[in-house]
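Here the structure is laid out as structure tokens; the discussion comes afterwards.
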Amino acid sequence: MSISAQYDPKSFEEYWYQQWESNGLFRSVPDEREPYTILIPPPNVTGILHMGHMLNNTIQDLMIRRARMLGYNACWVPGTDHASIATEAKVVAMLKEKGINKKDLSREEFLSYAWEWKEKYGGIILSQLRKLGCSCDWDRTRFTMEDDLYKSVIDVFVDLYEKGLIYKGVRMVNWDPAGKTALSDEEVIHREVDSNLYYVRYKLVDEDGYIQIATTRPETILGDTAICVNPNDERYFHLKGKKAIVPISNREVPIIFDEYVDIEYGTGALKVTPAHDINDYNLGLKHNVPVIDVFNEDGTISEIAGNYIGMDRFAVRKQIAKDLDELGNLVKIEAIKNKVGFSERTNAMIEPRISQQWFVNMQAFIDKNPEVLQSVLDDTISLHPAKFKNTYRHWLENLKDWCISRQLLWGQRIPAYYLPDGSFVVASTPEQALAKAQEKIPGITADQLNQDEDVLDTWFSSWLWPMSVFNGINEPENADIKYYYPTNLLVTGPDIIFFWVARMIMAGYEYRNEKPFGDVYFTGIVRDKIGRKMSKQLGNSPDPIELMNQYGTDGVRMGLLLAAPAGNDLLFDESLCEQGRNFSNKIWNAYRLISGWETGENNDEFYSGTADKVHNWMSARISNAIETIDDHFSKYRVSDALMTTYKLIWDDFCSWYLEWMKPAYGSPIPAAHLEKVNQHFDQLLRLLHPFMPFITEHLWQQLNPGANDFINKQSWPVQSQSESDSTSFEKAMNLITLIRSVRNKNGISPKIEAGISIKTENVTDYSNLSVAINKLANVSSLQFGDSGEGLKELNGTDEVYLQFEGFEFAAKDTEKLKSEIERLKGFLTGIEKKLSNEKFVANASADVVGRERQKQSDTLSKIEALEKELAG
């Protein structure tokens with residue numbers, strides 16, 4: 001493919017992705033090389049690409065591409081999650097559009113529609129990841145409901161049940177009225193909301209007077225079965241053994257006493273509704289009071305409530321307040337803010353509900369596998385950033401049993417089979433279940449067994465992901481699992497550290513006695529530029545596909561990574577993508593400049609000696625950058641690694657190196673020098689490739705015609721032994737910048753030659769590079785000594801006198817000099833405070849202290865020179 005005058009990513013991005021995929025660039029099979037494995041956090045099969053996906057998968061892609069270049073057998077396994085709640089909601093909505101009610105379908109009929117929906121819409125996000133440049137091994141794509149993975153989940157359930165780590169019990173659970181299913185604690189998002197506190201009085205039985213309570217949920221009054229006060233509360237001593245009448249329902253309930261009640265909070269009296277609050281439930285168990293569940297599974301009022309039957313819970317809240325007021329039981333309403341739980345999936349307000357569910361005994365699991373905690377604390381598994389260790393430890397030290405059953409149809413069906421006598425057996429297959437049942441009831445037949453209607457929590461399949469994608473549960477000794485497990489890196493968000501990360505570690509130690517991954521990189525939340533979380537409701541979440549079409553995929557990837565420190569939220573601004581596109585333009589034009597140079601003899605003195613020094617300088621700059629970039633990668637500071645690469649290309653290569661190496665207009669460049677330039681450009685493209693794969697591939701192919709290979713198969717650049725006088729180059733570059741600045745400030749044409757005299761103790765710092773200085777600054781003479789003529793400026797501590805033919809400088813600005821002296825004195829004071837701090841000097845490295853002392857010396861010299869100039 002030829003290169004166009006304008007950078008147009010649409011003209012080559014899709015082409016190169018097709019070339020990579022069709023040539024098997026991303027394919028991985030076990031071989032003699034060391035593996036480097038990443039498993040994609042499987043996006044919901046319902047999902048489409050959003051900015052969080054963009055960030056997470058860009059980081060994974062750059063890590064896997066770099067691993068290939070480092071010589072690893074890099075394997076990135078893609079896949080999708082069946083997402084029980086989200087997918088079932090999508091299918092129900094699709095059926096509704098067709099005029100079909102879920103309740104009218106058998107399980108098999110509903111699942112056929114679900115699979116139809118999955119096949120039609122389930123692959124959208126995977127195709128979008130291709131546009132992002134993700135170099136996954138697509139031949140390994142997995143889905144959590146495919147046969148092998150389904151079997152893994154069922155077998156693990158049976159195994160853990162037989163080990164006593166899974167049990168069935170009646171507990172207070174988080175109920176999602178929209179999804180009509182139980183949720184685990186981790187699937188509940190608590191948010192502060194505007195609310196009301198209703199003060200309600202209950203008539204005392206057999207005596208005058210009332211007892212007053214306060215509640216945010218008056219609709220649950222229908223389920224009150226007691227009123228509780230603190231036994232030490234003198235206000236209620238006289239009510240021992242008494243009863244009160246629940247308003248609306250007119251039931252008599254006992255007044256009970258328990259120190260659980262806070263005397264200072266509210267009225268000191270608590271309505272006890274065991275069916276709808278976990279604390280009330282525990283009080284009810286302790287004091288043996290009945291349970292009245294006033295809600296149906298969809299959040300409407302049940303028949304047992306006796307009033308408002310069939311009405312929605314929030315409608316009842318409004319109505320019951322009116323009715324209580326009319327009855328004289330409502331004392332007042334107070335506006336408050338309080339935290340309320342919402343379903344992570346449906347956003348419905350959670351109802352605590354007593355229900356029979358299946359649970360994992362988490363504490364017993366951790367007691368059996370202490371490595372789950374220890375492996376993170378001792379960095380066997382390293383979290384990046386490490387601050388999440390405390391979050392992880394806190395969760396594991398405050399465990400609650402994991403509710404794993406869901407009242408849905410889409411998912412892995414719980415392998416429990418009920419017998420006619422009410423008992424049950426747990427088995428992987430119906431045939432095994434029948435055999436177990438016949439041990440209990442000889443002669444029982446298959447049609448007498450009824451399998452549990454519930455399915456397993458989606459996370460119960462996801463926690464097996466590092467093993468199940470390699471079929472490591474069903475075939476624990478197969479070649480793939482033995483080669484690729486444990487994986488190297490997990491890239492995910494800290495919001496699912498409990499849902500997923502911790503549970504994968506649990507499963508890994510239980511089933512392979514080994515960690516599932518070595519490093520966990522936590523991305524932050526992508527927010528808009530004013531800090532708001534991106535959402536459709538706020539309209540602040542850009543369409544990633546449109547961004548890639550507008551700025552090019554490489555530009556968007558760079559924009560995201562520039563502002564993506566590990567574990568911290570990313571403030572995304574579209575201007576970052578524009579910066580990425582501008583960088584792409586810069587690289588594009590750099591190649592066009594180089595490719596336009598003709599080769600041939602050139603007797604310019606620059607190419608006879610100085611050019612080699614410039615080559616060495618560029619080699620040293622690249623070598624130093626490689627060391628820094630590799631260090632950043634080792635610490636998962638990918639944003640810093642990109643910025644180092646960016647500065648190396650934009651500043652060192654484009655702004656300095658190419659300007660030096662560029663032949664005069666119409667003149668050729670010696671072939672040996674062009675070859676050196678191309679070698680450096682090749683190295684830079686390799687360093688940049690993981691971040692910006694498309695433009696680097698396209699330009700690398702132009703640079704290496706006929707290579708019949710891809711840049712991602714080339715080796716990662718390593719440090720060279722190049723030696724360069726960095727001090728001389730730094731002084732020369734600062735001098736050139738100084739001369740250019742003087743020209744700009746004074747309107748002096750670059751065509752007018754500069755006469756320069758420098759007072760310095762190190763003449764060779766400049767004389768060795770006089771030709772290079774002349775080439776970029778148009779210097780006619782470079783002399784050394786105190787000429788005292790022309791405009792005086794400072795280059796570090798060296799005094800520079802500048803003259804331009806036919807130009808007279810205005811008299812020196814004494815006020816400006818005084819201002820600069822004062823600024824430098826302030827700067828010096830800061831340095832001296834630091835150096836006088838014994839703690840700083842004792843704890844800082846020798847290099848850091850040395851740099852501070854050098855700054856002190858240089859600043860003193862500058863002040864001295866400026867004061868001398870001011871006095872003169």
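To the nearest 20 debye, what is the magnitude of the charge dipole of the chain about its Cα centre, counting +1 on the Cβ of each Lys and Arg and -1 on the Cβ of each Asp and Glu?
Numbers: 95 positive and 125 negative charges, 230 e Å.
Computed about the Cα centre, the dipole is about 1100 debye.
For segment 86-228, compute the orientation-averaged projected area of the C-alpha convex hull (one quarter of its surface), in nm². Each step should come with its number before you reach the end.
Numbers: hull surface 67.2 nm².
Average of the hull's projected areas for segment 86-228 equals 16.8 nm².
For segment 97-148, state which trypsin sites (Lys or Arg not before Pro) are in a DSSP loop and have at most 13 other beta carbons lying within 10 Å of their beta carbon. List each step's numbers first, then the result.
Values: sites: LYS98, LYS102, LYS103, ARG107, LYS118, LYS120, ARG130, LYS131, ARG140, ARG142; in loops: LYS98.
When the trypsin sites (Lys or Arg not before Pro) of segment 97-148 are filtered for loop state and at most 13 Cβ neighbours within 10 Å, LYS98 remain.
I want to verify the translational diffusion coefficient of segment 568-694 in µm²/s; compute it with Stokes-Einstein, Rh as the Kirkwood radius over Cα pairs, at 37 °C and 0.692 mPa s. If you can, show how the numbers build up before the last one.
Working: Rh = 15.9 Å.
Answer, rounded: 207 µm²/s.
Which entries of LYS400/LYS515; LYS203/LYS240; LYS203/LYS242 have Cα-Cα distances beyond 18 Å here? It would help to have the intermediate numbers written out before the result.
Details: LYS400/LYS515 22 Å; LYS203/LYS240 15 Å; LYS203/LYS242 11 Å.
Flagged as over cut-off: LYS400/LYS515.
Would you calculate the volume per residue, in Å³, of the smallest convex hull containing every Cα atom of segment 709-859? Numbers along the way, then the final one.
On the way: hull volume 30.6 nm³, N = 151.
Taking the convex hull of the Cα positions in segment 709-859, it is 202 Å³ per residue.
How high is the relative contact order of the chain, in percent, with contacts defined as C-alpha pairs under 8 Å that are six or more residues apart? Can you show the working numbers first?
Numbers: 1439 pairs, mean separation 103.7, N = 872.
Once divided by the residue count of the chain, the mean separation gives 12 percent.
Tell me which lysines have Cα within less than 30 Å of LYS96's Cα, excluding those fewer than 8 residues away on the same chain?
Qualifying lysines at Cα under 30 Å: LYS118, LYS120, LYS180, LYS318, LYS536.
Relative contact order, percent, of segment 478-612 when contacts are C-alpha pairs under 8 Å separated by at least 6 residues? Please report the intermediate quantities before stating the final value.
Working: 140 pairs, mean separation 27.7, N = 135.
Relative CO of segment 478-612 lands at 21 percent.
Take ALA315 and PHE827, extend 7 Å from each Cα along the Cα→Cβ direction, and tell me the distance between the two endpoints in nm.
7.3 nm
Going toward the positive end of the dipole of segment 300-416, with +1 on Lys and Arg Cβ and -1 on Asp and Glu Cβ, which of THR346, PHE365, PRO415 do you reach last?
THR346
Per residue, how big is the convex hull around the C-alpha atoms of segment 616-677? Give it to me in cubic angstrom, could you?
Values: hull volume 4.6 nm³, N = 62.
Hull volume normalised by residue count: 74 Å³.
At a Cα cut-off below 16 Å, give the lysines reachable from LYS868, other chains included and same-chain residues fewer than 8 away excluded.
Answer for LYS868, where 16 Å is the Cα cut-off: LYS759, LYS792, LYS812, LYS816, LYS818, LYS825, listed by chain and number.
Quote the FRET efficiency, to the nearest 0.05, computed for GLU864 versus ASN704 with a Förster distance R0 of 56 Å and r equal to the Cβ-Cβ distance.
Numbers: r = 54 Å, r/R0 = 0.97.
For R0 = 56 Å, the calculated efficiency reads 0.55.
About its Cα centre, how strong a charge dipole does segment 495-577 have in debye, to the nearest 20, once Lys and Arg get +1 and Asp and Glu get -1 at the Cβ?
Working: 9 positive and 11 negative charges, 47 e Å.
That gives segment 495-577 a dipole magnitude of about 220 debye.
Where both residues lie in the chain, what percent of DSSP beta bridges are antiparallel, nearest 5?
Once the DSSP bridges in the chain are tallied, antiparallel ones form about 70 percent.
I'd like to know which of LEU769, LEU160, THR181 lies farthest towards the positive end of the charge dipole of the chain, counting +1 on Cβ of Lys and Arg and -1 on Cβ of Asp and Glu.
Selected residue: THR181.
Between GLU820 and GLU34, how high is the FRET efficiency from 1/(1 + (r/R0)^6) when r is the Cβ-Cβ distance and R₀ = 60 Å? Nearest 0.05. Don't skip to the answer; put the middle values down first.
Details: r = 57 Å, r/R0 = 0.95.
Computed FRET efficiency for GLU820 and GLU34: 0.60.
Taking a quarter of the surface of the convex hull around the Cα atoms of segment 353-464, what do you get in nm²?
Values: hull surface 38.8 nm².
Answer in nm², one decimal: 9.7.
Name the residues whose placed amide hydrogens come within less than 5 Å of the amide hydrogen of ALA74, ignoring near sequence neighbours (fewer than 5 apart) on the same chain.
It is TYR36, by chain and number.
Can you give the FRET efficiency for ASN398 and SER749, using 1/(1 + (r/R0)^6), R0 = 45 Å, r = Cβ-Cβ distance, to the nearest 0.05? Write down the numbers at each step before the final one.
Numbers: r = 73 Å, r/R0 = 1.62.
Efficiency, rounded to the nearest 0.05: 0.05.
Check cross-link reach from LYS368 to the aspartates and glutamates: straight Cα distance under 12 Å, and skip same-chain residues fewer than eight apart.
Leaving aside aspartates and glutamates fewer than 8 places away in the same chain, those within reach of LYS368 are GLU510.
Specify the inter-centroid distance of segment 416-444 and segment 343-358, based on alpha-carbon positions, in whole Å.
The two parts, judged by their Cα centres, are 30 Å apart.
What distance in nm lies between label points placed 7 Å from Cα along the C-beta direction at ARG527 and GLU453?
Reported label-point gap for ARG527 and GLU453 is 4.5 nm.
Treating only the Cβ atoms of Lys and Arg (+1) and Asp and Glu (-1) as charged, compute the dipole magnitude of segment 748-835 about its Cα centre; round to the nearest 20 debye.
Working: 11 positive and 15 negative charges, 75 e Å.
The calculation lands at about 360 debye.
Pick the calculated Rg and Dmax of the Cα atoms in Å for this structure from (i) 35.7, 128; (ii) 36.1, 117; (iii) 37.3, 124?
(ii)
Taking only C-alpha pairs under 8 Å that are 6+ residues apart, what is the relative contact order of segment 81-200 in percent?
Working: 36 pairs, mean separation 24.2, N = 120.
For segment 81-200, the relative contact order is 20 percent.
Between segment 107-137 and segment 301-329, what is the C-alpha centre distance in whole Å?
The two parts, judged by their Cα centres, are 44 Å apart.
Positive end of the dipole of segment 214-287, charges at C-beta (+1 Lys, Arg; -1 Asp, Glu), about the Cα centre: which of THR225, ALA275, ALA214 has its Cα farthest in that direction?
Highest projection toward the positive end goes to THR225.
Modelling each spin label as a point 7 Å along the Cα-to-Cβ direction, I'd like the GLU627/GLU326 distance in nm, to one decimal.
That separation, rounded to one decimal, is 8.4 nm.
Since every read-out is calculated from the coordinates, none of them should be taken as a lab result. Model, not experiment: these values are computed from the prediction. A quick note on method: Cβ atoms are made from the backbone with ideal geometry, for glycine too, and the neighbour counts reach across all protein chains shown.
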